[in-house]
Amino acid sequence: MKRVGLALLRAYIACGILAGLASSRRIAIIGAGPAGTAAAYFAQEELLSRGEQPAEIHVFERSDRVGGRAHAGTVVYGNRTLYFEQGASMFISKNRHLMEMAGRFNLTLCHHPCTYASEWDNSTQASDLLESSLKGYGIWNPDGLAVGGEWIVGPGGRWRVLDTIKLLWRYRGMGDLKHVRMRTKAAVDEFLQSYDAFSNHSSGIFGTWSEYLADKPILRSSLYYRAEEYYLSAREGIRRRFLEEVVSLATRVNYMQDIDTVNTLGAHISMAAESDTAYSVAGGNWQIFDRMLASSGAKLHLQTAAAEIAQSNATTGHYALYTRPADSGNINATLADTFDTIIIAAPLPLADISILDNKHRNLAAVNYVHMYVTFAIGILRKDLFPEGVIPRLIVTPYRTTKPFNCLSILACLGSGTPNNGRGCHEGPVLVKIFSHEPVSLEQIFLSTEWHHEQQWHSYPSLEPLNAGYVAHKPESAAFTPRRSEPPPIVLDIASHKSSSAGSSSAPGIFYVNGMESLFSTMESQTVAARHVVRLALFGSDAAMRASTPTSK
């Protein structure tokens, strides 16, 4: 039925008659990232699978592109075009929505990183990039006594058996890794239950993220502990060395946060990629979300910033949405249109939207990590790292932030074969660097031919839902969470229902990105959007239960 419904929607779009349909629902979506495009796509899919008419959907995006944090860049080097992900860079095979959409839209997947896109076939890229875990990464202490610092965990050498024995000795066997993998699998399996509700129209609709977690005890409990205190507890008994060198490596690479700050769920999600294959879309992950939006038939408004949501007296919708051109300063916002339902699919702490009486501001409070992502092509300094093999991923130790958090070699350009180890030593490399401060290229490169710097408010600070812990955050933070619950989904419910909207519809204002305070991935944003769409379109009872005096 879903396939038939989407085929019908595509026929409407092709014939140009979608806007002329007597739609029973008018929906505004703020944000064209993974959450916003998924909300548009799944709103139409859910309606059509129930035999209802498609909605009239408008998507407002303040930037000039689709994809949000999924943002790809290119640089031409020699006769090749090199691709790099500036934001959300990879997903794993368990990410059902992303894997399914890549297949549905005939997008090419390659093993991450997808630097050469379609120039090299998947088998070549796989053989070059899927190195042993020992050679795949190194933990580098820049303050080591030797020239070039020291490898706390090194990239290894020619003798893999000996390297493996060294690792087993360092971590006292495989017990810690097996235990963490077991905990990670249990958490991921609970998240995978999220998909079960989508096959049943009458179940799985909830009004708060706490309701979502009600039947997921592992996810719920892991939100109240820091990864460090959880795994060092007597019950878990993980050795500190393994925690600081393996688990913290994963959380630093994924969320730029260490185990003494990130919640345990963030650590589980970070470790999930350790035992799964990481994929990217050739040419950029943003294409998944661009295709989802195009398939929804929604009207896209780029470089249009949502400024205010107010009550409307019009008969065409419950809410009036005011917008202004992006980067236009403080010019007065103008009425864009009126809508029955508004879905906010952008981080409210960063969006600067006035919503009704602005009581949402404290409810949606979440701190975001500000980070620098620097891409550069150059020749690495000979004295930067210890002499020998250079790993593909280099991470600085737990609690170390200078000269960077991590450096990833995306391509070795000094020979005719991509990612040739000799080329990494003797020729230019394309690298991606995560840091909390601007990177000094002179400290890392002997010479550089090109560089690009991207600043992001990248991920939420995945602090435990524990008011006593987060209350000590710096006063300079824009928002200081002081709660024991995730941000709300329902920001407002209309005082009366439109007679044309149907008894199961819940006209109101809904917020997708509150799920980011649990953990943040492209896939979780699509799952969150799909759940919120089901609540808005078919969950009036759950929405009314979730509505509180502070959100009206």
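Across segment 368-375, coupling constants 3J(HN,Hα) worked out from phi with the 6.51/-1.76/1.60 Karplus curve, θ = phi - 60°, read 10, 6, 8, 9, 10, 10, 10, 10 Hz, and Gly and Pro carry x.
For L491, nonlocal amide neighbours, meaning residues 5 or more places apart or on other chains whose placed amide H falls under 5 Å from its own, are I509, F510, Y511. Taken per residue, the accessible surface of segment 142-263 reaches 50 Å², heavy atoms only and a 1.4 Å probe. Once you've got the Cα coordinates, tell me which of K178/K216; K178/K432; K94/K166; K178/K382; K94/K216; K94/K402 are over 26 Å apart. Going by Cα-Cα distance, K178/K432; K94/K166; K178/K382; K94/K402 fall outside the 26 Å limit. Per-residue 3J(HN,Hα) values for segment 212-228, derived from phi via the Karplus relation 6.51 cos²θ - 1.76 cosθ + 1.60 with θ = phi - 60°, read 4, 7, 4, 9, 10, x, 5, 4, 4, 5, 6, 7, 9, 10, 6, 4, 4 Hz in sequence order (x marks Gly and Pro). Computed with every protein chain present, the accessible area of E52 is close to 60 Å² [probe 1.4 Å]. Ordering 316-326, 27-37 by mean Cβ neighbour count within 10 Å, with the highest value first, yields 27-37, 316-326. For segment 238-244, backbone phi angles converted through the Karplus equation (6.51, -1.76, 1.60; θ = phi - 60°) give residue-by-residue couplings of 6, 6, 4, 4, 5, 5, 6 Hz, Gly and Pro being listed as x. Using C-alpha pairs under 8 Å with a sequence gap of at least 6, the mean separation divided by the residue count of segment 238-337 gives a relative contact order of 14 percent. Taking amide H as placed 1.01 Å from N in the peptide plane, E308 has its amide H under 5 Å from the amide H of Y322, S354, each at least 5 places away in sequence or on another chain.
Find the accessible area per residue for segment 295-390; the probe is 1.4 Å, ligands and nucleic acids are left out, and the unit is Å². Kindly include the intermediate steps, with their values, before the conclusion.
On the way: 4310 Å² over 96 residues.
Spelled out: the 1.4 Å probe surface of segment 295-390, per residue, equals 45 Å².
Near V247: Cβ cut-off under 12 Å, other residues only, Lys/Arg at +1 and Asp/Glu at -1. The net charge is -1. Surface calculation, 1.4 Å probe, protein heavy atoms: L410 sits at approximately 10 Å² accessible.
Using amide H atoms built in the peptide plane, which far-off residues or other-chain residues are under 5 Å from A411 H to H? HN-HN under 5 Å from A411: L430. Share of pairwise Cα-Cα distances greater than 22 Å in segment 169-324 is 61 percent (whole percent).
Among 304-311, 143-150, 291-298, sorting by the average number of other beta carbon atoms lying within 10 angstrom of each residue, highest first, gives 291-298, 304-311, 143-150. Each other residue within a Cβ distance under 13 Å of G87 adds +1 if Lys or Arg and -1 if Asp or Glu, for a net charge of +2.
Within straight-line reach of K359, meaning a Cα separation under 14 Å, sit the following aspartates and glutamates at least 8 residues removed in sequence or on another chain: E308, D492.
Can you find, among G173, F206, Y195, the residue sitting farthest towards the positive end of the charge dipole of segment 172-240, where Lys and Arg contribute +1 and Asp and Glu -1 at Cβ? Comparing the listed Cα positions along the dipole, G173 ranks first. Take every DSSP beta bridge whose two residues both sit in segment 252-356; close to 85 percent of them are antiparallel.
The values are calculated or read from the model by the stated rules, or taken from the named source; none is laboratory data. Everything numeric in this text was worked out from a predicted model, so none of it was measured. All Cβ positions, glycine included, derive from the backbone under ideal geometry; neighbour counts span all protein chains shown. Heads up: the accessible areas ignore ligands, DNA and RNA and are worked out on the full protein's heavy atoms, side chains in. Shrake-Rupley method; radii C 1.70, N 1.55, O 1.52, S 1.80 Å.
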